[in-house]
Amino acid sequence: MIDVILTFDNLNPNGGQFMNACLEDINNYFSNKQHRLTILTSHEINSETINLSTKDLKSFIFVPYCHGNESCLGNINSEIFISPDLNITNFSNTFFYTFSCSSGLKLGPELIKNNCICFFGYNNTIYSIIGHNQFQFCANFGLFLFIEGINTDAILIQMKKTYEEKVDELYKVDFFSASHLRSNKDSLIKIGKNITINDLINNA
């Protein structure tokens with residue numbers, strides 16, 4: 001059993017509906033799992049609640065779906081809640097899995113420098129288009145693989161393959177959306193060690 005902290009900026013006018021759909025899928029997935037879930041949504045996401053949720057945990061999974069840029073993550077009010085200057089050390093001994101624009105460029109490497117074990121994220125602008133469940137399926141897929149015990153090197157390979165399959169599927173009905181999904185695939189990165197969920201459980 002491991003702690004899983006989910007942060008979803010679900011009221012954000014840019015992407016909130018998509019984040020709600022992702023959260024619903026994740027909640028359904030975890031309904032028959034034994035892991036301890038903490039869910040923070042838009043008005044609960046700030047640096048104080050992040051500190052309170054993480055301060056007593058030795059090892060955990062952290063999953064922010066929110067606005068991001070190269071060096072930080074922010075909430076609906078444009079308030080930064082994770083950055084190197086704010087609370088980067090809170091995420092040592094974690095698997096950090098984020099759906100946020102560009103956070104793989106600087107924030108991801110900084111997390112790894114501060115003993116985050118493994119980071120999954122994106123190094124460019126990413127897209128979420130409502131009406132095509134391929135976007136939420138691909139966004140959540142790697143998290144589910146990790147919970148099932150797949151190692152992170154294999155997860156990256158399987159995520160890229162699944163993105164490609166969903167892009168091909170979507171091209172048949174919506175070329176424009178498929179191009180944006182391909183852009184998400186091309187931006188996906190992994191930084192850090194090759195681990196499984198058992199490495200976190202053993203450290204908790």
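The values are calculated or read from the model by the stated rules, or taken from the named source; none is laboratory data. Computed from a predicted model, the values in this text were never measured in an experiment. Don't worry about glycine lacking a Cβ; one is built from the backbone with ideal geometry, like all the others, and counts go over all protein chains shown. Heads up: the accessible areas ignore ligands, DNA and RNA and are worked out on the full protein's heavy atoms, side chains in. Shrake-Rupley method; radii C 1.70, N 1.55, O 1.52, S 1.80 Å.
Sum up the charges of everything whose Cβ sits under 13 Å from the Cβ of residue 187, counting Lys and Arg as +1 and Asp and Glu as -1, but leave residue 187 out. Walk me through the numbers before you get to the answer.
Values: positive: 160, 182, 185, 190; negative: 70, 186.
With Lys, Arg at +1 and Asp, Glu at -1, the neighbours total +2.
Could you name the aspartates and glutamates whose alpha carbon sits less than 15 Å from that of residue 172, not counting residues in the same chain fewer than 8 places away?
Partners found: 164.
Taking 0.36 nm per residue of sequence separation and subtracting the Cα-Cα distance, how much length would be gained by fully extending the chain between residue 70 and residue 144, in nm to one decimal?
Values: separation 74, 0.36 × 74 = 26.64 nm, distance 2.53 nm.
Net length gain for the segment: 24.1 nm.
Within the accessible area of the range 1-138, what % is carbon and sulfur when the probe is 1.4 Å and the other protein chains stay in place? The partial results should precede the final answer.
On the way: 2560 of 5910 Å².
It is 43 percent, rounded to a whole number.
Which distance in Å, rounded to a whole number, links the C-alpha centroids of the range 12-50 and the range 87-145?
What the calculation gives is 14 Å, centre to centre.
Only loop residues by DSSP count here, and only those with at most 10 other Cβ atoms within 10 Å; note down the trypsin sites (Lys or Arg not before Pro) in the range 143-172 that meet that. Each step should come with its number before you reach the end.
Numbers: sites: 160, 161, 166, 172; in loops: 172.
Listed in order of number, the matching sites are 172.
Take the cross-link list 113/160; 106/161; 55/190; 58/160; 33/106; 55/106 and give me the ones stretching past 27 Å between alpha-carbons. All intermediate terms of the calculation are to be shown ahead of the outcome.
Working: 113/160 25 Å; 106/161 25 Å; 55/190 25 Å; 58/160 30 Å; 33/106 33 Å; 55/106 23 Å.
Cα-Cα > 27 Å for 58/160; 33/106; rest within.
Rolling a 1.4 Å sphere over the protein heavy atoms, what is the accessible area per residue of the chain, to the nearest Å²?
Values: 9080 Å² over 204 residues.
Normalised by residue count, the accessible surface of the chain is 45 Å².
Want the number for residue 127 to residue 33: 0.36 nm per residue separation, take away the alpha-carbon distance, what's left? Before the final figure, lay out each step's value.
Working: separation 94, 0.36 × 94 = 33.84 nm, distance 2.91 nm.
Fully extending the segment from residue 127 to residue 33 adds 30.9 nm.
Which chymotrypsin sites (Phe, Trp or Tyr not before Pro) does the range 1-105 hold that lie in a coil by DSSP with at most 16 other beta carbons within 10 Å? Show your work: numbers first, answer last.
Numbers: sites: 8, 18, 29, 30, 60, 62, 65, 81, 91, 95, 96, 97, 99; in loops: none.
Of the chymotrypsin sites (Phe, Trp or Tyr not before Pro), not one in the loops of the range 1-105 has a Cβ with at most 16 other Cβ atoms within 10 Å.
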